[in-house]
Amino acid sequence: MSRKFNCGSASSALITLILTLPCLTSWNQEPQIRLQRYHHKAIVIDTHTDTPMKLINEAFNLAEKHEAPDSRVDFPRLREGDVDAVFFAVFTGQRERTAESYESAYRQACLMLDSTFASVARNDHYVAIAMSSNDIISISKQNKTAVCLGMENGFPLAKDISRVKEFHDKGVRYITLCHSLNNDICDSSTDEKGAENNGLSSFGREVVVEMNRLGIIVDVSHISDKSFYDVLALSKTPVIASHSSVRALCNHPRNLSDDMIKALAEKGGVIQICILGGYIAEEDTSSDNFRKLEEL
């Protein structure tokens, strides 16, 4: 999709790993200028932010700069960071699989999509919606950031395969198949109950095939190892891990092993690093802080 992907995390945009680091102020000018030149020439993409959750609140304005923990993403900073494209991921948490929960997740996802389109329309001097890689390039040439749409957790699909096309038609260009718990599509890497589908379910296989047909990228972040290898064996197109990290450096089930990363690359896919601390360095699981966060 691009010459360079930049990494993102579930609640924050990692805009440019190298250029925004404060330590660059100690560099002499020439290397910094050269690096900025490379950065500007590249197509820089943040592949995962949860920003649409904020947009449901009508008072939240992406045209204003925000400070953490309120938000780490806004349109002015995306432009200052020379970010060519950002994926706004429509996130719905996994709930009990009832008709009411399916309907609630579906309505929430549609509301976040509508709110994103409205916010972009109000700020078209900063951003524009991108539906294709060609759109990203043309929007970048206008010195704007392309806003691409993803979906984190296929829960709003319910068990209705027609919704894959419905969300494609609404602009969704990747789907993270599950989140922290198993769903109807596949097993999660972090469900305490363990495997339910032994990887991709039969419905999940339909979903991957339909995503391939429509041109929606399959995102393997959050899914179990068996689900991961099922996707790679089934998908006819490259897949991505939009916000995963490296298991060899931090032994967390959400992270990818070296073998998984190599298999992803052989498929033509990419991994973008999640910068949340618990996925970068192993935590002291005996601490009160860890226990309380897990409970939360």
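The values are calculated or read from the model by the stated rules, or taken from the named source; none is laboratory data. Since the model is a prediction, treat every value here as computed from it, not as a measurement. Virtual Cβ from ideal backbone geometry, glycine too; neighbours counted across all protein chains shown. For the accessible areas, the whole protein counts, side chains as well, though only heavy atoms, and no ligand, DNA or RNA atoms are used. Shrake-Rupley method; radii C 1.70, N 1.55, O 1.52, S 1.80 Å.
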**Complete:** The lone condition residue 199 fails out of (1) open to solvent by 60 Å² or more (accessible area, probe 1.4 Å); (2) of a type in the set (Gly, Ala, Ser); (3) in contact with a Cys (Cβ under 8 Å, 6 or more places away or on another chain) is (1)
**Request:** State whether one or more residues within the range 217-233 are surrounded by 22 or more Cβ atoms within 10 Å (Cβ to Cβ), under 18 Å from the mean Cα position of the chain (by Cα) and more than 29 Å from residue 165 (Cβ to Cβ).
**Result:** no
**Complete:** Restricting attention to the range 194-221, the residues that are out of contact with any helix residue (DSSP H, G or I) (no Cβ under 8 Å at 6 or more places or on another chain) and either part of a helix (DSSP H, G or I) or modelled with pLDDT under 95 (or both) number exactly 5
**Leading residue by the ranking (nearest to residue 276 (Cα to Cα)) among those in the range 59-84 that are of a type in the set (A, V, I, L, M) and either surrounded by 13 or more Cβ atoms within 10 Å (Cβ to Cβ) or modelled with pLDDT of 95 or more (or both)** = 73
**Message:** So, in the range 255-274, how many residues would count as being of a type in the set (A, V, I, L, M), open to solvent by 50 Å² or more (accessible area, probe 1.4 Å) and within 18 Å of residue 189 (Cα to Cα)?
**Reply:** 1
**Yes/no for residue 87 being among the aromatic types (Phe, Trp, Tyr) and either out of contact with any Ser or Thr (no Cβ under 9 Å at 6 or more places or on another chain) or at pLDDT 95 or above (or both)** = yes
